[in-house]
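Single-structure report; data block below.
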Amino acid sequence: MSGIILKSQLDVEDLTWGATLLGVGGGGTPAEGHKLLSRELAAKGSIECVDPLSLPDDALTVCVTFMGNRAPLTPEQEAQKKTLGLIEWKYENNMVEAVRFFEKIMGRKVEALIIPEIGGANTPSPIATASILGIKAVDADYCGRALPEVAQSGSCLLGESMTPIVSVDKWGNKAVVYEIVNEALGERVGKMLAMAAFGNTALALSPVPASVMKKATVHGTVSECVGIGRCAREAKEAGKDMVEAVMKHTGAKRLFQGKLVRAEWTVKDGYLDGYNTFEGEAEFAGHTLRIWFKNENHVAWLDDEPYATSPDMICQIEYNLGRPLLNNECQEGQQFVILGLPARELHLRPENLPMLDPRHYGFDIDYMPLKGRV
């Protein structure tokens, strides 16, 4: 059985920390997710995330997510925003408006909101949105980690359509996509809308009955994130090694430890795309680790040899700050511990793995399971 009740601001902090770690370099800005959920918890006193199995099979569930990347805008883009009149937000939490607009389009009340992925924004924010709207939040998500493409989410992997897709940006622009040629095009259309808004939009999509949602989600992930964050916090408070505590709690393996010496990225079709290169320290002295990311970390090479790949999770903690960082936050000179966690069972199914392995991202590399190897 899963399910959890968030009762304190420490719960929010723990959830955000754990979700950012499992966001594997992506999953949205933790400060935004923390702010939305912290404020809603202060207003309500407690917020429940229910066991997905507790929902009636015919309940209408909808996924809500932020779409975009967190790359900083160029001066030219900032100037263009002003020229287009994009100066003040209309919606601070555009997720709320996306759900309301979705209900208007569907002509039906949404009964539960589903977290799209684990991440610092994309986990706390849907929970806060559900509470604001009086809709059930669920202790589960569609990915069990952060992933760059909506088509990689559990409902799409099971063959369910993501349409209709409602997109609402913070400025007040709204769009509805009723039909798509395929899920990859649905993802692309959503990305282009986010790029037009110079940042992120909020999407409401993938309406499915709870009977389908129960099979397409990874159960208990909100509880899991709270547990990871609590473990890290309590270790720090006790003056213990936080990384060792997190490894013991999660079963993660230490893949590397070292200094970020080269951070390279660009924005391709709305995704943050690039490489982080680390020089080893301690037991990894004399070695080099290079990680490729598309929003999230997907392929790592140790001394130029393939070392770890998606769908296994390549997680990063900035050692001195004591917290996980997004790839757009990483700066040269910072010191990191890179952890590895095995993939979710959902992603290892033979019919799903080709959507998540290195070849899906264009690399001539087979999936290299961490389990039993590192």
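The values are calculated or read from the model by the stated rules, or taken from the named source; none is laboratory data. Just so you know, these numbers come straight off a predicted model, no measurement behind them. Neighbour counts run over all protein chains shown; Cβ positions are idealised from the backbone, glycine included. Calculation scope for accessible area: heavy atoms of the full protein, side chains included, ligands and nucleic acids excluded. Shrake-Rupley method; radii C 1.70, N 1.55, O 1.52, S 1.80 Å.
Can you confirm whether the range 156-165 contains a residue that is open to solvent by 20 Å² or more (accessible area, probe 1.4 Å), polar (S, T, N, Q) and free of Cβ contacts under 8 Å to residues at least 40 places away in the same chain?
no
Read through the list (1) within 24 Å of R349 (Cβ to Cβ); (2) open to solvent by 40 Å² or more (accessible area, probe 1.4 Å); (3) of a type outside the set (K, R), then give the number of the only condition that M313 fails.
So the condition that M313 fails would be (2).
Just to be sure I understand, how many residues within the range 106-147 are among the small types (G, A, S) and closer than 22 Å to L348 by Cβ?
4
Pick out the one residue from L339, L326 that is hydrophobic (A, V, I, L, M, F, W, C), part of a loop (DSSP other than H, G, I, E, B) and either in contact with a Lys or Arg (Cβ under 8 Å, 6 or more places away or on another chain) or surrounded by fewer than 23 Cβ atoms within 10 Å (Cβ to Cβ) (or both).
Exactly one of L339, L326 is hydrophobic (A, V, I, L, M, F, W, C), part of a loop (DSSP other than H, G, I, E, B) and either in contact with a Lys or Arg (Cβ under 8 Å, 6 or more places away or on another chain) or surrounded by fewer than 23 Cβ atoms within 10 Å (Cβ to Cβ) (or both), namely L326.
Output the residues belonging to the range 343-359 that are part of a loop (DSSP other than H, G, I, E, B), of a type in the set (K, R) and surrounded by fewer than 19 Cβ atoms within 10 Å (Cβ to Cβ).
The answer is R349, and nothing else.
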